[in-house]
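Working notes, structure below.
The values are calculated or read from the model by the stated rules, or taken from the named source; none is laboratory data. Everything numeric here is computed off the predicted structure, so don't read it as measured data. We place every Cβ from the backbone using ideal geometry, glycine too, and count neighbours over all the protein chains shown. The area values use the complete protein model at the heavy-atom level, side chains included, leaving out ligands, DNA and RNA. Shrake-Rupley method; radii C 1.70, N 1.55, O 1.52, S 1.80 Å.
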Amino acid sequence: MLCDGDRGIEKGLNPHSMALRWHLRKSFVLLFILAGLSQAATAPFDLFGPPFEVKVTRGNKTLPISEVPTLEAGDRIWVHPALPAEQSVHYLLIAVFLRGATNPPPESWFVKVETWSKQVREEGIVLTVPPGAQQVLLFLAPETWGDFGTLRSAVRGRPGAFVRAAQDLDQASLDRSRLDAYLTAVREASEVDPQELQERSILLARSLNIKVDQQCFDKPSEQQAPCLTQNADQLVLDDSGNASMMTALTSGASADLIGQLSVTRPAGSGVYSAYVGAVVDVAHLLGTLHTAEYQYIPALALPKREELNLKLNNPPSFRKPMSVLVIGLPIVAAAPLPALRPVSPKEVYCLQHPSLVLPVEGAPLVFSAEMAHDFRLQVKNQLSAGIDLPAIADPARGGFVVDTRQLHAATALDSQSTGILHGYWGFQPFDGPSFHLSSAHARKWTVPAAEQSTLIVGRNDVLHLQSDDASCVADVTLKDQQGAESQTKWKMSKPGVVEVQVPLESQTAGAVTISVKQYGVAEPDEIHLRTYSEAGRLDNFAINSGDRQAVLKGTRLDEIAGAELKGLRFTPADLSSANGKDELHLAGPEEALNAFHPGDKLTAQIFWKDGRSVDLAATVDPPRPKVNLVTKNIDPGPTAIAIRLGSSEEVPQDGKLSFVVKSETPEVFEHTEKIEIGTEDGSFDVLLSLEDGLTLEDPRNVLVQLDPLKSFGRSCFGALRFRPVQSDGRKGDWQPLAILVRVPFLTEINCPKSSDAQCTLSGSNLFLIDSVASDPKFTNSVYVPVGFMDSTLSVPRPAGELLYIKLRDDPLIVSTATLEGIPGGAKSSSNSHPKPGTTVN
């Protein structure tokens, strides 16, 4: 109501402004009413109300109230107030049938019952739903409450309020059943197996349409269940889609204002869910009927079989205003069938699974209430009579759990069949969703070719077992060569595929058997495989056009048995290793010389010694350079004046080596081509070019001049080799060249007059001598120990003009020396022998 001052102010406003101002005032009033109701109405319903027993009979069939979703005209409702004999206050029960918000019920639709009477206490009463009725309410009030006509007048005067109360009480009771089912299942899961709490909670949320806080699973296991069940009234999500008072309050002209202000806690922020909305609705409606004489208290009906358990959120008052309990029964309407649907319509389920679960969603009340009852899975089976199996909805399992125990091993089953869930929604039978079913039998399992050689011992590997159907797999085990079994971890990765984690950490390489056990099949299916040691890495396979030798690079190449390229077999030849990497040369047949051309895109098959094989891309490179040795010349140098080397292949370190090579591939020696010379062990090498060490005699022939001491230093010795090297890095085959030896410098030998005494050999670098003898067979010799550093050495007295020497760098070759001071020998070592020099043609 506007005061006079307000009216005076508004006289100056236009009609639009006045309407807006009036609308805002109503909105603010509505918000404060909503805030008060939200705090009061969402108090927990944790007080027990008086007990009732209710059954409904339709035709000749009677069901407990928990299995009745809706009522129909003509239904007979048996109501038995099961109050204790020592009840100190007599309660009056008034049953009212309503027929809509705008049509007050006739007086004959009100039934007054004295619950303390002997007949009612022993037999109860029967109410018959009249034609045209849409709702049923039960009022329970103290006997001293007052006139029956007062309540009748209140209902007839404002039928819409009581119609809405009946609807919201029914909806709140159904939502509360979902909430109770969720809380009970979470507590049970946390007590039995906390590790399964997350999985169970996800299934519960899907089945019951409950909101789950995923952050709860980040907490320690002992804190997860309390987190999941806190603020319980906020967890229920809207299911039926029925508009509640909350929808009305937050829509229309005041929606924007309320939407902005309701986020504050005083306006009820965070307290609304579908369940709380229905409670706020009924509290608001019943609150509008409050008088000085009496008040209406909502009672949630939570049926369990025929017991109608009542829960209150306010204690009844037996003083003015005295409390009248308002109890809702199912509405009078045609019962819509639950919209059950399979979670995965295409998935195949094993009919012989002892805990067969058929996942469904879309109808939370099927899981939380008893209105859906007597379900069975009806299987269409051609090999035997139809199969009918009991099924129970289990929200914690996420679907219907089918009891398959009545299936015996002798039962003939189709390999593929269809099962349909059939049950009752109240009095009405209905068919639920259908499912694809499979029965187990011996199956052939295969492993992808790429995985058949990937089982490596010392680690856990993954296999994908493939079959036409894998839905009946019960277990997968690993059996080694000794018959010892190990459990595996496995899962269905997709239809017909089982992903298996194979435990090979403590296994040895060899034959293994994967056993696949199926439900309903006595003998497991077996897959025979091999396990292997850790394989090396294959990096590259290359061959040059015109070659019969390929090169494989990688690691652990000593385990390679061979390779095949374009039908030609290659066998291991030389293996070298450097910096943790291997290079294996593989020799091929003569046919390989003309079989490959630069740029060919080929695939080589590499064979390991343990039987595995792997494909590797092969590269065909341009031809490698090739040269032939034409001639060579050795200049012995100054230190070899006193020593004649025993082999024409030996080159003194301070000597000079010259040789001529002829280019075969390419036919002309390119100006950018080089000659590489090095030791066989790869310790020393040098690249000679036309700018340093190479001289073209003509387009094909090249003179190579090597100064070993300058190129390699004083510590290089041993067999030398050479090869051509192209500017792009292509290298020819190594070819033997010479043997590099270090030669001591001998100055003289002094022998005493006594023929039995040894002589003294003088010179420098005598440690380069391996041994010295007076005869070529070294029957009378002296060995020079390692670490010898003197400039004189006692040696056997020579039998003739020569002293026989084996050099430490080439101890198998016998060289000779003639020096001044050798008895009977030449006095001048410089004229004893011609200067050694060798030419090879």
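Measure off 7 Å from each Cα along the Cα-to-Cβ vector at ILE392 and HIS441, then give the distance between these two points in nanometres to one decimal.
For ILE392 paired with HIS441, the spin-label model returns 3.3 nm.
Report in % the part of the accessible area of region 102-153 that belongs to carbon and sulfur, leaving out ligands and nucleic acids; probe 1.4 Å. Provide the component values of the computation, followed by the final result.
Details: 1160 of 2590 Å².
Result for region 102-153: 45 percent of the exposed heavy-atom area is carbon or sulfur.
Calculated FRET efficiency, ASP180 and MET322, Cβ-Cβ r, R0 41 Å, to nearest 0.05?
Working: r = 30 Å, r/R0 = 0.72.
The calculated FRET efficiency here is 0.85.
Residue by residue through region 536-548, what is 3J(HN,Hα) from phi via Karplus (6.51 cos²θ - 1.76 cosθ + 1.60, θ = phi - 60°)? Round to whole Hz and write x for glycine and proline.
x, 9, 9, 9, 7, 10, 9, 9, 8, 4, x, 9, 10
Ignoring ligands, DNA and RNA, what percent of the accessible area of region 608-672 is carbon or sulfur (1.4 Å)?
Values: 1500 of 2900 Å².
Exposed carbon and sulfur together represent 52 percent of the surface.
Would you pull out the residues with amide H under 5 Å of ILE297's amide H, same chain only if 5 or more places away, H placed 1.01 Å from N?
The list, which skips near neighbours in sequence, is VAL324, LEU325, VAL326.
So what J values fall out for region 479-488 if you push phi through Karplus, 6.51 cos²θ - 1.76 cosθ + 1.60 with θ = phi - 60°, rounded to Hz, Gly and Pro as x?
Rounded to whole hertz, the list is 10, 8, 5, 8, x, 6, 9, 10, 6, 10.
So, with a 1.4 angstrom probe, what is the percent of accessible area on region 378-509 that is carbon and sulfur?
On the way: 3190 of 6570 Å².
The C+S portion of the solvent-accessible surface of region 378-509 is 48 percent.
Excluding residues fewer than 8 places away in the same chain, name every one of the aspartates and glutamates whose C-alpha is closer than 17 Å to that of LYS777.
Straight-distance partners of LYS777: GLU801, ASP810.
Just to be sure I understand the model, the point goes 7 Å from the Cα along the line to the Cβ. What's the resulting SER727 to ALA450 distance in nm?
In this crude label model, SER727 to ALA450 measures out at 4.3 nm.
With a 1.4 Å probe and every protein chain left in place, work out the accessible area per residue of region 322-481 in Å², rounded to a whole number. Before the final figure, lay out the partial values.
Numbers: 6690 Å² over 160 residues.
Per-residue accessible area for region 322-481 comes out at 42 Å².
Find the relative contact order for region 562-666 and round it to a whole percent, using C-alpha pairs within less than 8 Å whose residues are 6+ positions apart. Don't skip to the end; give the middle numbers.
Working: 158 pairs, mean separation 22.1, N = 105.
Value for region 562-666: 21 percent.
Over region 513-657, with the other protein chains present, what is the accessible area per residue in square angstrom, probe 1.4 angstrom? Don't jump to the answer; show the numbers that get you there.
Numbers: 6890 Å² over 145 residues.
Computed with neighbouring chains in place, this is 48 Å² per residue.
Which value in nm describes the separation of the simple spin-label points at ALA484 and ASP558, placed 7 Å from the Cα toward the beta carbon?
2.8
Amide H neighbours of GLN134 under 5 Å, at least 5 residues apart or on other chains, H built in the peptide plane: list them.
LEU98, ARG99, GLY100
Taking a 28 Å limit on the Cα-Cα distance, which of the listed pairs LYS491/LYS601; LYS731/LYS806; LYS346/LYS489; LYS566/LYS662 fall beyond it?
Numbers: LYS491/LYS601 40 Å; LYS731/LYS806 36 Å; LYS346/LYS489 25 Å; LYS566/LYS662 32 Å.
In this structure, LYS491/LYS601; LYS731/LYS806; LYS566/LYS662 lie more than 28 Å apart at Cα.
So if R0 is 22 Å, what FRET efficiency would SER344 and ILE202 give, r being the distance between their Cβ atoms, rounded to the nearest 0.05? Write down the numbers at each step before the final one.
On the way: r = 15 Å, r/R0 = 0.68.
In this case the efficiency is close to 0.90.
Taking a cut-off of 29 Å between Cα atoms, list the lysines near LYS55, but don't count ones fewer than 8 places away on the same chain.
Cross-link targets: LYS112, LYS118, LYS304, LYS311.
Before I look further, what does region 43-136 give for accessible area per residue, probe 1.4 Å, in whole square angstrom? Working shown, then result.
Working: 4370 Å² over 94 residues.
On a per-residue basis, region 43-136 sits at 46 Å².
For region 667-821, what does the alpha-carbon gyration tensor say about shape, rounded, prolate or oblate, given a ≥ b ≥ c as the root eigenvalues, a/c under 1.5 as rounded, and a/b over b/c as prolate? Kindly include the intermediate steps, with their values, before the conclusion.
Numbers: a/c = 3.23, a/b = 3.02, b/c = 1.07.
Prolate.
Which residues' amide hydrogens lie under 5 Å from the amide hydrogen of PHE596, considering only partners 5 or more residues apart or on another chain, with H built in the peptide plane?
GLY546
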